[in-house]
1. Exactly one condition in (1) crowded, with 20+ Cβ neighbours inside 10 Å; (2) assigned to a helix (DSSP H, G or I) is false for ARG81; which is it?
2. So if I check each of THR199, THR99, THR176, which one is farther than 28 Å from CYS50 by Cα, in contact with a strand residue (DSSP E or B) (Cβ under 7 Å, 6 or more places away or on another chain) and among the polar types (S, T, N, Q)?
3. Does region 62-69 include one or more residues that are touching a Leu at 6+ places or on another chain (Cβ under 8 Å), assigned to a strand (DSSP E or B) and charged (D, E, K, R)?
4. For region 170-190, give me each residue that is more than 20 Å from VAL95 (Cβ to Cβ), of a type in the set (Val, Ile, Thr) and more than 12 Å from the chain's Cα centre (by Cα).
5. Mind checking which residues of region 109-119 are of a type in the set (D, E, K, R) and surrounded by 12 or more Cβ atoms within 10 Å (Cβ to Cβ)?
6. Looking at GLY12, GLY16, which is the one that is more than 19 Å from the chain's Cα centre (by Cα) and under 14 Å from VAL62 (Cα atoms)?
7. If you take the residues of region 48-61 that are under 12 Å from the mean Cα position of the chain (by Cα) and in a helix (DSSP H, G or I), which of them is farthest from GLU167 (Cα to Cα)?
8. Of all residues in region 126-163, which are in a helix (DSSP H, G or I) and either among the β-branched types (Val, Ile, Thr) or under 17 Å from the mean Cα position of the chain (by Cα) (or both)?
Amino acid sequence: MTAPLLEGAGLGLSFGETRALDDVSVSLAAGETVAVMGTSGSGKSTLLHCLAGVLVPDRGEVRLDGERIDDQSDRRRSNLRLRTFGFVPQFGDLVPELTLLENVALPLRLLRVGHRAATKRASALLDELEVGDAALRRAGAASGGQVQRAAVARALVHQPRVVFADEPTGSLDSATGELVLEALVRLARDRGSAVLLVTHEAVVASHADREVVLRDGRLDVLAAGTV
């Protein structure tokens, strides 16, 4: 059996008296898309943030390629998020004053990739996502679909090992959301990246290889499709 790329084992986290995660375990293999489903407040985003090193669990471990990352310093976890992880938030969260092209190239520039090389790679990815004709449009003046496709490109441009997508189609109409989601899963799989997809919609989760369902911070082992 292939060892998981990213694994959370026995994760627990509380905010005061509220238990957000309670003994949750999940793993992702390279090139695999796993959907985390559940209603609002079920712990989906908290699980994503623990696996991505944004939050440190009170209990359990998070491992990347077998190496524990939850006990690393804030600086090392921040560096991991910059170099190894990619993120697609619900509303894109692009810099509105920058063009779509500049937004997509930004992670590469932060990694000290030269301007020409970063722009070339960002432009090619925007073309793959069929939004290249809007590359020079400021993000603040672009449509929701264009912004979200650019957010997918930004998440993938530095060839991350894992992409975290938190309700990535929640702000889009169903047709545009379907196109964006298909592109995210396809491009990530082509590059060997794992995808953790947080959603409350079954139609979105259907794009994943597996589904994990959370209920009140715990794995719902009786839910259909849970592995």
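The values are calculated or read from the model by the stated rules, or taken from the named source; none is laboratory data. Predicted model only: the values in this text are computed from it and were never measured. Quick reminder, even Gly has a Cβ in these numbers, built from the backbone with ideal geometry, and neighbours come from all protein chains shown.
1. Of (1) crowded, with 20+ Cβ neighbours inside 10 Å; (2) assigned to a helix (DSSP H, G or I), only one is false for ARG81: (1).
2. Details: THR199 fails: farther than 28 Å from CYS50 by Cα; THR176 fails: in contact with a strand residue (DSSP E or B) (Cβ under 7 Å, 6 or more places away or on another chain).
Testing whether each residue is farther than 28 Å from CYS50 by Cα, in contact with a strand residue (DSSP E or B) (Cβ under 7 Å, 6 or more places away or on another chain) and among the polar types (S, T, N, Q) leaves just THR99.
3. Looking only at region 62-69, we keep the residues that are touching a Leu at 6+ places or on another chain (Cβ under 8 Å), and these are 62-65, 69.
Still in the running and assigned to a strand (DSSP E or B): 62-64.
After this cut, where a residue has to be charged (D, E, K, R) as well, the list is 63.
There is at least one residue in region 62-69 that is touching a Leu at 6+ places or on another chain (Cβ under 8 Å), assigned to a strand (DSSP E or B) and charged (D, E, K, R).
4. Scanning region 170-190 gives a single hit, THR176.
5. Initial filter on region 109-119 (of a type in the set (D, E, K, R)): 109, 112, 116.
Passing the criteria: only ARG109.
6. Numbers: GLY16 fails: under 14 Å from VAL62 (Cα atoms).
Of the residues listed, the single one that is more than 19 Å from the chain's Cα centre (by Cα) and under 14 Å from VAL62 (Cα atoms) is GLY12.
7. Looking at the filtered set, the residue picked out is LEU51.
8. VAL147, GLN148, ARG149, ALA150, ALA151, VAL152, ALA153, ARG154, ALA155, LEU156
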